[in-house]
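Right, one structure below, let's go through it.
The values are calculated or read from the model by the stated rules, or taken from the named source; none is laboratory data. Computed from a predicted structure; not experimentally measured. All Cβ positions, glycine included, derive from the backbone under ideal geometry; neighbour counts span all protein chains shown. What goes into the accessible areas is simple: the full protein's heavy atoms, side chains included, and nothing from ligands, DNA or RNA. Shrake-Rupley method; radii C 1.70, N 1.55, O 1.52, S 1.80 Å.
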Amino acid sequence: MLERINDGIVGLMDHVLGWMLILPADLQILIVAVGTGAILTFARLFTTDQDLLRRVAADKKRLKELLREAKARSDKEAKRRHQQTMAQVAMKSMRGEGKPLLLALLPILLLATWAFRRLEFHPPAEDEVVGFVLYTPLSVVGQPVHLVVPEEVRGDGGGWVRVVEPDPAPDGTVINGIAVWPIRAVEGEHRLVARTRGDSFEHPYEAGRRTYGPPLIFHDLELGWVTELRMRPVRFLRIVPGIPFLFMPPWMVAYLLLAIPSVLLIRKVFRIH
């Protein structure tokens, strides 16, 4: 159910944002990040009292000046009074912060859902080598598995039958098996089917297009049957890394690094409080 909803959102957003897929990957991330900043910023125009917030900003500026003067003359009573007033002003401005976030929630959710499916990897080019991976339960290690492909898909010459091998974790423990095939294909959408022990696991694969198929498919997560297409991750300017322990791929790190300052910049340019 959730997968169908997700696919529906991505399909809908493709009509709105699909034109961006012809642009370089770095520019795609920049547009989405700045777009997020614009949504968060301009939502404030419809949900906050801008005149009140301007007066609050002026009060904060003046109170900071008075606080510095009180510190300079070691006036503890004036310092305490100004600090209390600043806290009251801050509380007054904070009361209206929830409405802009609420208004921006839906468009940002739609934008993020689309970005997760379209911006994480470079779509495989025609004849580009990618790795197709089958993860298996540990009990399947040592057994053969066969990859069935259409004639438009080619391998590395090693055949389509692999023996499942142990897949050790960084700490050396082995909890699953793995089989890997380097593949390449002509332009189009293809179906890859891994077969073993009478079970079949299908994975769509797109080549030479602006989009790419799902990188991971959890066929039976409880038992450990998973298929993966190892595509090239998008790295902003080819240098921004991911944060694996936070499960943040490189594109998302770049997105956040750009979106957060874009909010401040847009607010300053358009004088939105």
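Pull up the cross-link candidates among the aspartates and glutamates for residue 99, meaning alpha carbon to alpha carbon under 17 Å and not fewer than 8 places away within one chain.
Excluding near neighbours in sequence, the set is 49, 51.
May I ask you to list the residues of region 126-146 whose amide nitrogen lies under 19 Å from a point 7 Å from Cα along the Cα→beta-carbon direction of residue 211?
Within reach of a label on residue 211, which here means backbone N under 19 Å from a point 7 Å along Cα→Cβ, region 126-146 contributes 126.
To the nearest 0.05, how large is the calculated FRET efficiency for residue 189 and residue 223 if R₀ is 25 Å and r is the Cβ-Cβ distance? Don't skip to the answer; put the middle values down first.
On the way: r = 28 Å, r/R0 = 1.11.
Once the sixth-power term is evaluated, E becomes 0.35.
If you wrap a convex hull around the alpha carbons of region 1-55, what volume per residue comes out, as a whole number of Å³?
121 Å³
Where does the chain land at 222 nm, in deg cm²/dmol rounded to the nearest 500, when only DSSP H runs of n ≥ 4 count, each adding -39500 (n - 2.57), divided by all residues? Spell out each step's value before the answer.
Numbers: 6 runs with 122 residues, N = 273.
Computed mean residue ellipticity for the chain: -15500 deg cm²/dmol.
Among 93, 243, 12, flag the residue with its Cα farthest along the positive direction of the charge dipole of the chain, charges on Cβ as +1 for Lys/Arg and -1 for Asp/Glu.
Comparing the listed Cα positions along the dipole, 93 ranks first.
Quote the FRET efficiency, to the nearest 0.05, computed for residue 15 versus residue 45 with a Förster distance R0 of 30 Å and r equal to the Cβ-Cβ distance. Display every interim value, and only then the final one.
Values: r = 26 Å, r/R0 = 0.88.
E between residue 15 and residue 45, to the nearest 0.05, is 0.70.
Which of rounded, prolate, oblate describes region 169-209, given a ≥ b ≥ c as roots of the alpha-carbon gyration tensor eigenvalues and a/c under 1.5 marking rounded, otherwise prolate only if a/b is larger than b/c? Working shown, then result.
Details: a/c = 3.55, a/b = 1.70, b/c = 2.09.
Judged from the Cα gyration tensor, region 169-209 comes out oblate (a/c at least 1.5, b/c at or above a/b).
Net charge within 13 Å of residue 78 by Cβ-Cβ distance, Lys/Arg positive one each and Asp/Glu negative one each, not counting residue 78 itself?
Details: positive: 68, 71, 73, 76, 79, 80, 81; negative: 65, 69, 75, 77.
Counting the neighbours of residue 78, the net charge comes to +3.
Which sequence of 69, 228 reflects their accessible areas, 1.4 Å probe, from the largest down? Don't skip to the end; give the middle numbers.
Details: 69 90, 228 40 Å².
Putting 69, 228 in descending order of accessible area: 69, 228.
Quote the accessible area belonging to residue 79 in square angstrom, nearest 10, computed with a 1.4 Å probe and with ligands, DNA and RNA left uncounted.
Counting only protein heavy atoms, residue 79 exposes about 70 Å² to solvent.
Note down the relative contact order for region 1-145 as a percent, whole number, built from C-alpha pairs under 8 angstrom at least six residues apart. Intermediate results must be reported in sequence, preceding the final value.
Values: 62 pairs, mean separation 56.2, N = 145.
This gives 39 percent for region 1-145.
How about residue 76: which lysines have a C-alpha closer than 17 Å to its C-alpha, ignoring those fewer than 8 places off in the same chain?
Reachable lysines: 64.
Could you give me the percent of Cα pairs per 10 Å distance bin for region 2-115, shortest bin first, beginning at zero and ending with the bin that holds the maximum distance?
12, 27, 22, 17, 13, 7, 1
Rounded, prolate or oblate: which fits region 105-227, taking a ≥ b ≥ c as square roots of the Cα gyration tensor eigenvalues, rounded meaning a/c under 1.5, else prolate when a/b beats b/c?
On the way: a/c = 2.12, a/b = 1.28, b/c = 1.66.
Oblate, since a/c reaches 1.5 and b/c is not below a/b.
Before anything else, pin down the relative contact order of the chain: Cα pairs under 8 Å, at least 6 apart, normalised by residue count, whole percent. Display every interim value, and only then the final one.
Values: 420 pairs, mean separation 64.5, N = 273.
Relative CO of the chain lands at 24 percent.
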